Amino acid sequence: MDPLQDHDPLDLDAVRARELLAQADQTEATARAGASWTAIALLMVIGAGSSTALVGTWLAGADLLGLPMSLFFVWMAIGFVIHYRFGNSVKRGFSRRWLVSIGLWAATWMLGVFVTAPGAIGDNIWVVGALALALTAVTAVGAWREASA
């Protein structure tokens, strides 16, 4: 039912105008309620893919580097396709939260790739594990912040 159907559009009093604004706010809130699920899923995919790829590349070594990295890029592609296909609306502040989350992830990922490169750290599983946990933490916190926004 159209809220303006019984009223002349030029005859809005303050009470009716407030009701219409409240209805508009409720409609906006409903539209944005599920807006971040694709961004949350994408951050989780990025975190899971990058942390396991980091450990996988370290374990596989230079000879088998292509296997964990191929799987990493497949999962990244899946996450981005789902995000861009179904993420048609976002919550307020998403751009800032997204840039912070992806920036922290990218810095951690680059550090992890360079530090765990063949010959860089030898057999130090603690460094690889710490960097994989850092990737997990950065993306999980980003997803948590998006879900809480």
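So the values come out like this:
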read-out	value
Portion, in percent, of the accessible area of the stretch 36-148 that falls on carbon or sulfur, probe 1.4 Å	74 percent
Heavy-atom accessible area ranking, 1.4 Å probe, most first, across S50, S148	S148, S50
Mean Cα-pair separation over length for the stretch 36-148, i.e. relative contact order, pairs under 8 Å, 6 or more apart, %	49 percent
Gyration tensor (alpha-carbon) shape descriptor, the stretch 61-100, a/c threshold 1.5	oblate
Probe 1.4 Å, protein heavy atoms only - accessible area per residue of the stretch 36-148 in square angstrom	58 Å²
When the stretch 36-148 is reduced to its Cα atoms, the Kirkwood hydrodynamic radius in Å	14.5 Å
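The values are calculated or read from the model by the stated rules, or taken from the named source; none is laboratory data. Being a predicted model, the structure only gives us computed values, none of them experimental. Just the protein is used for accessible areas: all its heavy atoms, side chains included, with ligands, DNA and RNA removed. Shrake-Rupley method; radii C 1.70, N 1.55, O 1.52, S 1.80 Å.
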